[in-house]
Amino acid sequence: MNRRHVLQIAGYASRTSVRGGIGLVFLLLSLTLGLTVAHVMLQPVERAARRAVNPALYQTEEGRRNAELRVIEDLTKPAKGVVSWMLSTKTTSDEPEPRRGRRPSGDNDDADVEADRWAEFLLEERPALLSGIFLILLFSWPLVVSFGAFDLYASDIASRQLRYQLLRADRSSIYFGRLLGLCTTLVVVLTALGLTVTLYLGLKLGAYPWSEMLAWTAQGTLMLIVLSLPYVALCGWISAAAGGSFTSLTLSSVVIGGVPLVASLGSLSFDAARYVNWLLPWGFQSRLLHHDPVQIGLAVFGCLLQTAVFVWLGHRTFLRRDL
Amino acid sequence: MSEGTRPGGLTALAVLNFLLGAQHLLHTGGLLVMRFFGDRIKPTEVREMADALNAASPLELIALVASSAIASVLMVVAGVGYLQQRRTLGRRIGNLASLTMIVAVAVEQNLLSGTDGGFGFRTFASVLYPVLSLVLLNTTFKEDFVR
């Protein structure tokens, strides 16, 4: 592998990503997703705030801001229970009463307290609407990633065009160069997404200070970038193994969307099936927005570990396959 | 860039131009329907928009319709230009279409501010695409208009 070749291929891939239709559609899809989520979160707040005060007061900056803050507070209280339930890691099975000899406050109670604290952090200590947007993006973004990453190698393998690149660069340089190029594009797209959502929220809603929103956006965007890595690596592996771009897109989407589906359906009859989620970051990705830095560190480590495994598998496939 | 090698992104941009141009025209038509049949509308949010349109002067309404219609037509024409990779019909008209679209959105916002049709998701989405088009036409696809 040649480091200079890798950087050259990565630079070219990221520069020309939008020139291909896939890159442009991915960019627009990402921005539309972010704006739609922000809009869905914001519209009820805005409508309720408008009804909460008289129109004359709503026209003034302070009146609107106070009304919005009040509505957000009112909405946050019932939402806290839902978010806490979503984040709770306790088992779903109907466990019997604590067995004799075990202390009454078991793991489930600890999990409840932990989830309550986590929900409080997201909804009260950080801008609640932005936290909601990031939570939704955290679970919808993996499904979008495949649209940007499915064609890393597949169409060039199918059309046999990679042979011409092999005259000038080795397989490893091509593999890692394109992967790095896509990661660079993702960083740009996610930064644009984060800024667009914050700008929309900031201009539309005066309830949160800009500094607070920008700081939380920076962290959320960074976590989305970390989260994207294993999914990109997985798509790279599938793209290197598949015979065509359509097959690659289908397989990537089915695998990424299928893992949580199998886990949730399987856990209805067999509780241990929920561990299927851990094959991909689905099982722990919500911890990227945890209040405890140790939990964030573990989640980041999990993402990086899975990225390393998928990159290794993809590289191995790419080196051995017929190009 | 040689003739006949149109980048996929330019094709995607052309398709989006057709879709968004048509969508914008339909949206303006909807606003006009709202303006003239506003008294039959019941939902409060839509009613507010109809009232705002009713309160607008004839000149403001003409500006809204004209800017929207021009922007929509230019978007479609530019789309054809993108597909044919024509310098004037594609790049120049494309730039003009993007700027006109931004103006059309600004005129609409001026009329509908304070209602559900005021600054919001649609405004952002409507401005985002022309801005992105302006950037792409003058950087990424600058050399692709060869005819």
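The values are calculated or read from the model by the stated rules, or taken from the named source; none is laboratory data. Nothing here was measured: the structure is a model prediction, and the numbers come from that model. Note that we place each Cβ from the backbone using ideal geometry, even for glycine, and neighbour counts take in every protein chain shown. What goes into the accessible areas is simple: the full protein's heavy atoms, side chains included, and nothing from ligands, DNA or RNA. Shrake-Rupley method; radii C 1.70, N 1.55, O 1.52, S 1.80 Å.
Quick one: count up the residues across the range B:103-135 that are open to solvent by 50 Å² or more (accessible area, probe 1.4 Å) and modelled with pLDDT of 80 or more.
So the count comes out to 4.
All but one of (1) more than 13 Å from A:P142 (Cα to Cα); (2) of a type outside the set (D, E); (3) buried (at least 19 other Cβ atoms within 10 Å of the Cβ) hold for A:A233, so report the exception by its number.
(1)
Residue check: is A:M41 touching a helix residue (DSSP H, G or I) at 6+ places or on another chain (Cβ under 6 Å), modelled with pLDDT under 85 and open to solvent by 70 Å² or more (accessible area, probe 1.4 Å)? It would help to see each step written out before you state the result.
On the way: touching a helix residue (DSSP H, G or I) at 6+ places or on another chain (Cβ under 6 Å): yes; modelled with pLDDT under 85: yes; open to solvent by 70 Å² or more (accessible area, probe 1.4 Å): no.
No.
Which residues, taken from the range A:161-176, are in contact with a Leu (Cβ under 9 Å, 6 or more places away or on another chain) and either among the hydroxyl-bearing types (S, T, Y) or under 22 Å from A:S252 (Cβ atoms) (or both)?
The answer is A:L162, A:R171, A:S172, A:I174, A:Y175.
Mind checking which residues of the range A:182-195 are among the small types (G, A, S) and surrounded by fewer than 23 Cβ atoms within 10 Å (Cβ to Cβ)?
Correct list: A:A192 only.
Identify the single condition in (1) closer than 30 Å to B:F141 by Cα; (2) at pLDDT 80 or above; (3) not small (G, A, S) that B:L61 does not satisfy, given that it satisfies every other one.
Every listed condition holds for B:L61 apart from (1).
Can you tell which of A:V226, A:V259 is in a helix (DSSP H, G or I) and either open to solvent by 30 Å² or more (accessible area, probe 1.4 Å) or in contact (Cβ under 8 Å) with a residue 40 or more places away in the chain (or both)?
Just a single option satisfies the conditions, and that option is A:V226.
Taking the condition among the hydrophobic types (A, V, I, L, M, F, W, C) and surrounded by fewer than 20 Cβ atoms within 10 Å (Cβ to Cβ), does A:L298 pass?
Yes, satisfied.
Within the range B:136-145, how many residues turn out to be surrounded by 13 or more Cβ atoms within 10 Å (Cβ to Cβ) and facing another protein chain (nearest Cβ under 10 Å)?
The qualifying residues number 4.
When you go through A:G21, A:G63, A:G34 one by one, which is the residue that is under 30 Å from B:S113 (Cα atoms), within 14 Å of chain B (Cβ to nearest Cβ), buried (at least 16 other Cβ atoms within 10 Å of the Cβ) and modelled with pLDDT under 80? So that I can check it myself, show each step before the final result.
On the way: A:G21 fails: under 30 Å from B:S113 (Cα atoms); A:G34 fails: modelled with pLDDT under 80.
Checking each option against the conditions leaves just A:G63.
If a residue must be surrounded by fewer than 18 Cβ atoms within 10 Å (Cβ to Cβ) and of a type outside the set (F, W, Y), how many such residues does the range A:203-212 contain?
Looking only at that region, the number is 5.
Only one residue in A:L199, A:L193 is without any contact (Cβ under 8 Å) to a residue 60 or more places away in the chain and within 14 Å of chain B (Cβ to nearest Cβ). Which one?
Numbers: A:L193 fails: without any contact (Cβ under 8 Å) to a residue 60 or more places away in the chain.
Every option except A:L199 fails the conditions.
Given the criteria under 30 Å from A:A128 (Cα atoms), away from chain B (no Cβ under 14 Å), in a helix (DSSP H, G or I) and among the aromatic types (F, W, Y), does A:Y208 qualify?
Considered against the rule, which asks whether it is under 30 Å from A:A128 (Cα atoms), away from chain B (no Cβ under 14 Å), in a helix (DSSP H, G or I) and among the aromatic types (F, W, Y), A:Y208 comes out as no.
A:A241 fails exactly one of the following numbered conditions: (1) touching a residue at least 12 places away in the same chain (Cβ under 8 Å); (2) within 30 Å of A:R70 (Cα to Cα); (3) not acidic (D, E). What is the number of that condition?
It is condition (2) that A:A241 fails.
Name the residues in the range A:12-34 that are small (G, A, S) and in a loop (DSSP other than H, G, I, E, B), would you?
Once the filter is applied, which keeps residues that are small (G, A, S) and in a loop (DSSP other than H, G, I, E, B), the range A:12-34 yields A:S17, A:G20.
Looking at the range A:283-295 only, could you name the residues that are open to solvent by less than 30 Å² (accessible area, probe 1.4 Å) and either assigned to a loop (DSSP other than H, G, I, E, B) or hydrophobic (A, V, I, L, M, F, W, C) (or both)?
A:F284, A:L288, A:L289, A:H290
State yes or no: is A:A215 within 25 Å of A:S286 (Cβ to Cβ), over 14 Å from the mean Cα position of the chain (by Cα), among the hydrophobic types (A, V, I, L, M, F, W, C) and surrounded by fewer than 21 Cβ atoms within 10 Å (Cβ to Cβ)?
Yes; evaluated as a whole, the condition is true for this residue.
Tell me, yes or no, whether the range A:241-251 has at least one residue that is modelled with pLDDT under 90, farther than 24 Å from A:T185 by Cβ and open to solvent by less than 20 Å² (accessible area, probe 1.4 Å).
Looking through the range A:241-251, none of the residues is modelled with pLDDT under 90, farther than 24 Å from A:T185 by Cβ and open to solvent by less than 20 Å² (accessible area, probe 1.4 Å).
Please specify each residue of the range A:143-162 satisfying the condition of being within 17 Å of the chain's Cα centre (by Cα) and either at pLDDT below 85 or surrounded by fewer than 19 Cβ atoms within 10 Å (Cβ to Cβ) (or both).
If the condition is that a residue be within 17 Å of the chain's Cα centre (by Cα) and either at pLDDT below 85 or surrounded by fewer than 19 Cβ atoms within 10 Å (Cβ to Cβ) (or both), then A:L143, A:F147 are the ones that fit.
Is it true that A:Y275 is among the hydroxyl-bearing types (S, T, Y), in a loop (DSSP other than H, G, I, E, B) and in contact with a helix residue (DSSP H, G or I) (Cβ under 9 Å, 6 or more places away or on another chain)?
When the stated conditions are applied, A:Y275 does not pass them.
Taking the range A:269-302, which residues are among the small types (G, A, S) and modelled with pLDDT of 90 or more? Let's see the steps before the verdict.
Narrowing the range A:269-302 to residues among the small types (G, A, S): A:269, A:272-273, A:283, A:286, A:297, A:299, A:302.
A:G297, A:A299, A:G302, listed by residue number.
Please go through (1) small (G, A, S); (2) at pLDDT 90 or above; (3) open to solvent by 20 Å² or more (accessible area, probe 1.4 Å) for B:S98 and return the number of the only condition it doesn't satisfy.
(3) is the only condition that B:S98 fails.
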